[in-house]
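Only one structure is covered here, and it is reproduced in the block below.
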Amino acid sequence: MSLEELETRVKKLSMRATDAKMNLHDLAEELPVDWEKIPETAERTFEIFKELSAARGALKAAKKAAAEA
């Protein structure tokens, strides 16, 4: 994946992560309504942030490799 593609991926994942975080926040604000959705919403949020973290790591490594080349 090119540096530009990695940057685009991180940007998209950042937007998804923000949306997921807000969904989790909104769910918490409305408790006890829809408490059954906590595990699903939390898992989705966790997975998106996990993917974002990996993408950021890949981008950092790619930038470092490009700087050394």
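The values are calculated or read from the model by the stated rules, or taken from the named source; none is laboratory data. In this text the structure is predicted, and so the values were computed from the model without any measurement. Protein only, heavy atoms only, side chains kept; ligands, DNA and RNA dropped before computing areas. Shrake-Rupley method; radii C 1.70, N 1.55, O 1.52, S 1.80 Å.
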| request: For Lys37, go through the aspartates and glutamates and keep the ones whose alpha-carbon is under 14 Å away, minus same-chain ones fewer than eight residues off. | output: Asp26, Glu29
| said: Quick check: at a probe of 1.4 Å, how many percent of the accessible area of segment 1-49 sits on carbon and sulfur atoms? | reply: 58
| message | If each DSSP helix of 4+ residues adds -39,500 (n - 2.57) and the sum is divided by the residues in the chain, what number results at 222 nm, nearest 500 deg cm²/dmol? | response | -30500 deg cm²/dmol
| message | Nearest 10 degrees is fine. How inclined is helix 38-68 to the longest principal axis of the chain, computing both from alpha carbons? | response | 10
| query | To the nearest 10 degrees, how steep is helix 3-29 against the longest Cα principal axis of the chain, on a 0 to 90 scale? | reply | 10
| Set of lysines near Lys11 by C-alpha distance (under 23 Å), chain-local residues within fewer than 8 positions excluded | Lys21, Lys50, Lys60, Lys63, Lys64
| field | For the chain, accessible area per residue (1.4 Å probe, heavy atoms of protein chains only), Å² | value | 77
| How long are the three semi-axes of the equivalent ellipsoid of the chain, in whole Å, if each is the root of 5 times an eigenvalue of the C-alpha gyration tensor, listed from largest down? | 33, 9, 7
